[in-house]
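The values are calculated or read from the model by the stated rules, or taken from the named source; none is laboratory data. These numbers were taken from a predicted model, which means no experiment stands behind them. Heads up, the Cβs are rebuilt from the backbone with ideal geometry, glycines too, and the neighbour counts pull from every protein chain shown.
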Amino acid sequence: MTFELIALSEIATVPWKNGAGLTRELAISPADASVDDFDWRISVAAIERDAPFSAFPGVDRCIVLLRGAGMRLRSVDGAIDRRLTQAYAPHRFSGDAALQASLIDGACEDLNVMVRRGCCVADVATQSVSADVAAADAGLLLCASGEWQVGDVALKTLHALLWRSGLPRLQVHPLRAASALVVVRLCQDHA
């Protein structure tokens, strides 16, 4: 198994599907997929103003607030109405509905994980202490703050490790106080 080291600062920004914002795509599968036909996609978005979120029918989503005071996500029909204000806490929702994002107190940045239903499932969690990361088909470890030891790699803030094929159990250890590691595990959906 090999890891790909990703520095967020080196990823180019691209427009959102609806053109209302910018995102940095960290990984997509298959590698030649677009935003319309991926099995899974992981990206980081900078949200600088109130803006609509595109609908992604058949896709399950998870957002993790990385920077800023957060946002409120609402669907037109009122079925979804959430305040995302806790840093590093995963928020899961269906991509079927178009949502409106309203900033709470200025710009924010978030990690987005999207998986096509029936293809794969995502387990997104945040670690602040040493832990074992369970096996997964693919995934990403994002150092949201501080610094982490992952195998022989010291992972710095806003750097990530990506794997695209089977990960055996892995140990992660914070190297500084107040470190946060977002763990994204992607597994085939056998349901």
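Annotations
- Region 156-191, residues that are surrounded by 19 or more Cβ atoms within 10 Å (Cβ to Cβ) and not in a strand (DSSP E or B): Ser179
- Of the residues Val64, Val153, Val115, the single one that is under 24 Å from Arg185 (Cα atoms), surrounded by fewer than 16 Cβ atoms within 10 Å (Cβ to Cβ), among the β-branched types (Val, Ile, Thr) and in contact (Cβ under 8 Å) with a residue 24 or more places away in the chain is Val153.
Here's the yes/no breakdown for (1) β-branched (Val, Ile, Thr); (2) modelled with pLDDT under 95; (3) on the phi > 0 side of the Ramachandran plot; (4) not assigned by TED's automatic domain parsing to the domain that holds Glu109:
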residue	(1), (2), (3), (4)
Ser145	no, no, no, yes
Gly151	no, yes, yes, yes
Leu155	no, no, no, yes
Arg169	no, yes, no, yes
His173	no, no, no, yes
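- Residue that is in the same structural domain as Gly21 (by TED's automatic domain parsing) and closer than 24 Å to Ile6 by Cβ, where the choices are Asp50, Asp110: Asp110
- Residue check for Val59: at pLDDT 90 or above and within 17 Å of Ala101 (Cα to Cα): no
- For region 93-100, the criterion of a residue being touching a residue at least 60 places away in the same chain (Cβ under 8 Å), surrounded by 15 or more Cβ atoms within 10 Å (Cβ to Cβ) and not β-branched (Val, Ile, Thr) is satisfied by no position.
- Residue in region 133-155 that is closer than 23 Å to Ile28 by Cα and among the polar types (S, T, N, Q) present: no
- Residue under evaluation Asp36, criteria (1) free of Cβ contacts under 8 Å to residues at least 24 places away in the same chain; (2) under 16 Å from the mean Cα position of the chain (by Cα); (3) loosely packed, with under 15 Cβ neighbours inside 10 Å, criterion not met: (2)
- Residue match in region 24-37 (condition: closer than 25 Å to Ser165 by Cα, among the hydrophobic types (A, V, I, L, M, F, W, C) and modelled with pLDDT under 90): yes
- Among the conditions (1) over 19 Å from Ala180 (Cβ atoms); (2) in a strand (DSSP E or B); (3) of a type outside the set (A, V, I, L, M); (4) in contact (Cβ under 8 Å) with a residue 40 or more places away in the chain, the only one that Ser43 does not satisfy is (1).
- So Ala131, is it farther than 27 Å from Leu175 by Cα and either modelled with pLDDT of 95 or more or surrounded by fewer than 17 Cβ atoms within 10 Å (Cβ to Cβ) (or both): no
- Region 146-155, subset of a type outside the set (Val, Ile, Thr) and part of a strand (DSSP E or B), residue farthest from Ser9 (Cα to Cα): Gln149
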